[in-house]
Amino acid sequence: MKIVSKIILLITILGTFIIGQNDIDNAVKYSLNLDRDEVHNGEVVTLSAKLKIAKKFYVYSTHPEKSLSPTYIEWEDSSYFSKVGILQEPSPKTKYDPMFEMDIGYHTSQVQFKQDLKISDDIKPGAYKIKGTFVFQVCDPTKCIPHWDDFVVKLTVLEGDAVAKYITPVQSEFENIVGKVKAKSGTTDELDSIIEEGLFSFILFALSMGFLALLTPCVFPMIPITVSFFTK
């Protein structure tokens, strides 16, 4: 009877985990489109990623200083286009994460990211494909699931000169986060002082940080499974 109870408990835990996994896998729907599919040599075209995010879920900001795992796009090497500037985003929501001692930027509900791409001056007129990988994390209060989604968008390069209004990109760099830079500097100084105190202090500090890492949300779903395994 005791064994049967444990089996039922394990099945319940696994079932809950699978259902939760399915929810988070389908928590974000998105589309990727160019602002126009006909361009001239030397023009800048904008790729937009429009995301719809389910309730209780969020995705991280594109800003490398506002996220533990920023949203970004990896581009396949190409001779007929190049990335211009940053992956633009609206102002993200922010919350302070005491575990990592930093402000985290994130988006909920709906968000649109934009990336400017410059068409090469040297390619011939014709049909082309732009290939890349959209990289982002979907999170809820207990866990995060990373996504690496390959995509292809098509465009046609026309004969003729570039149109002036399509030559200048919108945004070329991230904002300077002064507070975050100071926080980084303070953390580095604190670590240096601990190392200077001796090996024992450093080991104690490392063990403390390891224990705190066990309290991160990503670990929570594994606790019941681990406990049930060792209490068979």
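Readers should treat all values here as calculations from the given coordinates under stated rules, not as data from a laboratory. Predicted model only: the values in this text are computed from it and were never measured. Methodologically, a virtual Cβ is constructed for each residue, glycine included, from the backbone with ideal geometry; neighbour enumeration extends over all protein chains shown.
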Point to revise | Per-residue Cβ neighbour rank within 10 angstrom, fewest leading, Met99, Met209 | key: Met209, Met99
Check your understanding: So what does the Cα-only Debye profile of the stretch 29-100 read at q = 0.27 Å⁻¹, as log10 I(q)/I(0), no solvent term?
Key -> -1.50
Review point. Sequence-distant or interchain residues sharing an amide H contact under 5 Å with Thr62, placed H: which?
Key: Thr71
Review point. Using 0.36 nm per residue, how much length does the chain from Met209 to Thr108 gain when fully extended, once their Cα-Cα distance is taken away?
Key: 33.4 nm
Check your understanding: Between Asn33 and Lys131, how many nm apart are label points set 7 Å from Cα along the C-beta direction?
Key -> 2.5 nm
Exercise for review: Give me the net charge of Ala127's neighbourhood, meaning all other residues with Cβ under 12 Å from the Cβ of Ala127; Lys, Arg count +1, Asp, Glu -1.
Suggested key: +1
Check your understanding: What's the local net charge at Ser69, with K and R +1, D and E -1, over the other residues with C-beta under 14 Å away?
Key -> -1
